[in-house]
Amino acid sequence: VGAPAGGIWKSTDAGINWEPLTDYLPQIGVSGIAIHPTDPKTIYIATGDDDAGDSYAVGVMKTTDGGITWSETGYLAGSPDSMNDIYVDTANPNKLMLATNVGVFKSTDGGDNWTRTLSASIIDLKMKPGDNTTWSAASGSRIYRSVDGGESFTSAIISGFSGSRRIAIAVTPAN
């Protein structure tokens with residue numbers, strides 16, 4: 001479990017007991033967590049508080065030993081100070097997707113390098129269940145869609161939808 005100003009915590013007994021994993025990091029805010037699909041000791045965290053701004057993002061942190069040690073992943077253009085959703089592709093665990101206040105970023109090498117594929121302040125990012133090529137992203141007033149695995153996004157036109165300031169999205173396997 002992650003807390004926006006309290007780090008990441010791990011339980012190995014179905015939530016009865018918890019231990020902190022990030023007490024010695026320079027930033028303890030966690031707003032997104034992604035776990036490698038076949039190696040549960042590899043964990044990525046999107047740092048900072050994506051809602052109230054109680055802590056600022058310092059990048060994506062990665063552990064390969066279950067949280068004993070952490071390292072920073074590659075540089076994120078635009079220096080985002082807020083992050084939220086982060087995903088590991090189950091079909092290709094080196095592929096990551098990240099939503100930040102300066103856009104959506106994609107990595108194909110486990111976070112060593114990041115490419116910004118959408119420039120907008122993104123507050124929500126979702127993958128279509130069972131389809132790693134279709135992504136939806138939301139800013140404060142707009143929804144975007146990618147059908148090429150997050151390489152590019154187009155603005156979705158929704159009739160009658162305007163004047164919003166905060167959007168949350170959910171995606172189903174259906175169209």
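Quick notes on this structure:
- Residues of segment 20-67 that turn out to be aliphatic (A, V, I, L, M), surrounded by fewer than 18 Cβ atoms within 10 Å (Cβ to Cβ) and at pLDDT 90 or above, as a count: 2
- Looking only at segment 144-173, residues that are at pLDDT 90 or above and either assigned to a loop (DSSP other than H, G, I, E, B) or of a type in the set (V, I, T) (or both) come to 13 in all.
- Residues in segment 118-138 that are in a loop (DSSP other than H, G, I, E, B) and open to solvent by 50 Å² or more (accessible area, probe 1.4 Å) were compared, and the one that is modelled with the highest pLDDT is S119.
- All conditions but one from (1) of a type in the set (V, I, T); (2) under 26 Å from G140 (Cβ atoms); (3) within 12 Å of the chain's Cα centre (by Cα) apply to I35; the one that does not is (2).
- Filter result for S141 (in a loop (DSSP other than H, G, I, E, B) and either of a type in the set (S, T, Y) or touching a residue at least 12 places away in the same chain (Cβ under 8 Å) (or both)): yes
- Only residues that are open to solvent by less than 30 Å² (accessible area, probe 1.4 Å) and aliphatic (A, V, I, L, M) were counted in segment 4-19, giving 1.
- Scanning segment 68-117 for residues that are closer than 17 Å to P37 by Cβ, part of a strand (DSSP E or B) and open to solvent by 30 Å² or more (accessible area, probe 1.4 Å) returns D85, Y87.
- Close Cβ contacts (under 8 Å, 6 or more residues apart or on different chains) running from residues in segment 69-90 that are hydrophobic (A, V, I, L, M, F, W, C) to residues that are open to solvent by 40 Å² or more (accessible area, probe 1.4 Å) and assigned to a strand (DSSP E or B) comprise W70/K62; L76/R116; A77/R116; I86/I33; V88/I35.
- Hits in segment 49-77 - residues which are acidic (D, E) and at positive phi: none
The values are calculated or read from the model by the stated rules, or taken from the named source; none is laboratory data. Remember, predicted model here, so these are calculated numbers, not experimental data. Note that each Cβ is placed from the backbone with ideal geometry, even for glycine, and that neighbours are counted across all protein chains shown. Ligands, DNA and RNA are stripped out before the accessible areas are found, and what is left, the full protein with its side chains, is counted by its heavy atoms. Shrake-Rupley method; radii C 1.70, N 1.55, O 1.52, S 1.80 Å.
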